[in-house]
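Notes follow once the structure below has been shown.
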Amino acid sequence: LQHDDASGEAREVAYVGVVPEARRRGHGRQLLLRALLEARAAGKSSLALSVDARNRPAWQLYESLGFEEALRQQVLLRLE
């Protein structure tokens, strides 16, 4: 997902997670708002992040903050 335009260099959020007992209290929103402020302060025009396609609550949060899908990838893991 990407926020703002993709014309400039983006900052990336590698992972956002809130422990289950603290969810639905605005913590994720505050973390992302802080990341957006930090990206703007660094002169970046966009902020990119990854999200599991099945994580509907996360998608709703990101979309409410103006993020839009920019790229869809399939990630495969091999556990040994």
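Karplus couplings for the stretch 44-56 from phi (6.51 cos²θ - 1.76 cosθ + 1.60, θ = phi - 60°), rounded to Hz, Gly and Pro as x?
8, 8, 8, 10, 10, 8, 10, 8, 5, 4, 8, 8, 4
Quick one: with all protein chains in place, what share of the accessible area of the chain is carbon or sulfur, to the nearest percent (1.4 Å probe)?
Solvent-exposed carbon and sulfur of the chain make up 49 percent of the total.
Say we join alpha carbon atoms closer than 10 Å with springs in a Gaussian network model of the chain; which of Ala22, Ala39, Ala48 then has the biggest fluctuation?
Ala22
What label, among (i) 39, 31, 22; (ii) 37, 26, 16; (iii) 35, 34, 24, belongs to Cα extents along the principal axes in Å computed from the structure on display?
Matching the structure shown: (i).
The values are calculated or read from the model by the stated rules, or taken from the named source; none is laboratory data. Computed from a predicted model, the values in this text were never measured in an experiment. Ligands, DNA and RNA are excluded from the accessible area calculation, which covers all protein heavy atoms including side chains. Shrake-Rupley method; radii C 1.70, N 1.55, O 1.52, S 1.80 Å.
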